[in-house]
Every structure is written in C-alpha cells, then in structure tokens.
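Down below is the structure, laid out as structure tokens.
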Amino acid sequence: MSEWSHFDSNGRPIMVDIGDKPPTPRSAIAEGWVDLPEAVYDAIKRGAVSKGDPAAVAEIGGIMGAKRTSELIPLCHGIRLDNVSVRCEIPDGERSLRIVCEASAREPTGVEMEALTGVSVAALVFYDMCKGIDKRMVIRDVRLLKKTGGKSDTWGG
C-alpha cells in the first residue's frame, strides 16, 4: 500500500507531508445545483420564504463551510484562505439554483476541497431554509470547474 499517498507502508492512514513545499498562489472554482419544486421556486420568486432569504443565508453558510473544510474532510490540511466567495442564483429559464464557490490561498496545497465544500454546505443550508415548503429539492452535480496553481498548474476552464 506504500504507493498510496494517504497511507503509510503499514496501511495506516496519514496526512501527506507538505512541510517542504513552498507556498504558491492557488485557486479553485466549484459549482452545484439545487433543483426546486414549483412551490419552493414560487416562494423564492415572491420573497415569501418564512425563514428569510435562503440564498443569502446559503452564501454565508458556504463561506463558513469552506473555512472549516479540514474539520470535515479527513486528512485535508488546514489552510489560511485569502478569499472565499459563494454566489447563489436562479438562471433565467431555470427552476434550479446554481451555486458557485471561488476560493484562493497562497499555500503549499490546493483549495479544491474548500471550493467543493463551500458549494456543498451552501446547498445544504439552502435546503434547510426551504424544506418547510417542500422537501423534494434535489442537490446535484457538485463539481470542480477550474483550479490553478500547484504541480498540475491549471485544470479546467
């Protein structure tokens, strides 16, 4: 098992040693979607969600989630994020919420997991804000769109 980066020669999980890696600029963009049942969509369009603005609360929750990624994802390094933004919008013609999280840092390891966690937590917060209207919302297609920095430099577009 020694060929696996997160396990030692005895098969025990380890955190990868990044102590000798220099900090470099890193960034990542992730997205996810929440499909909205008609009742949820209508309540949002009318501003009639009883708990308040679910998109604004989801954006804050997503930022908080990105900042706590190393507490949620095993073996993920704790890093100092320089910037995290989360944006929620319902694109014209869609009955789905699009969530985009951008994260950046100057660290020896990347910020992909922080961006993905930001999207995921924002989706869960949005669900929580609207579940009293209709629980049939579907969280889907959480994915990395782009990352920059590190050994592989730029990935995605």
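The numbers here are math on the coordinates, done by the rules we state, and not lab data. Bear in mind the structure is a predicted one, so any value in this text is a computation, not a measurement. Neighbour counts run over all protein chains shown; Cβ positions are idealised from the backbone, glycine included.
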- request: Select, from Ala122, Ala56, the only residue that is farther than 30 Å from Trp4 by Cα, among the aliphatic types (A, V, I, L, M) and without any contact (Cβ under 8 Å) to a residue 40 or more places away in the chain.
  value: Ala56
query: Taking region 116-147 on its own, how many of its residues are more than 20 Å from Arg87 (Cα to Cα) and touching a Ser or Thr at 6+ places or on another chain (Cβ under 9 Å)?
result: 2
statement: Within region 10-39, of all residues that are within 19 Å of Ser152 (Cβ to Cβ) and among the polar types (S, T, N, Q), the one surrounded by the most Cβ atoms within 10 Å (Cβ to Cβ) is Ser27
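State which residue is surrounded by the most Cβ atoms within 10 Å (Cβ to Cβ) when the search covers only region 48-62 and only residues that are in contact with a helix residue (DSSP H, G or I) (Cβ under 6 Å, 6 or more places away or on another chain) and in a helix (DSSP H, G or I).
Looking at the filtered set, the residue picked out is Gly62.
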statement: Filtering region 114-153 for residues that are assigned to a loop (DSSP other than H, G, I, E, B) and either surrounded by 13 or more Cβ atoms within 10 Å (Cβ to Cβ) or under 12 Å from the mean Cα position of the chain (by Cα) (or both) leaves a count of 6
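Every residue, every condition in (1) over 13 Å from the mean Cα position of the chain (by Cα); (2) assigned to a loop (DSSP other than H, G, I, E, B), yes or no:
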position	(1), (2)
Pro22	yes, yes
Met64	no, no
Glu71	yes, no
Gly78	yes, yes
Pro91	yes, yes
Arg98	no, no
Search result, residues across region 25-47 that are touching a helix residue (DSSP H, G or I) at 6+ places or on another chain (Cβ under 8 Å) and either of a type in the set (D, E, K, R) or outside any strand (DSSP E or B) (or both): Glu31, Leu36, Val40, Ala43, Ile44
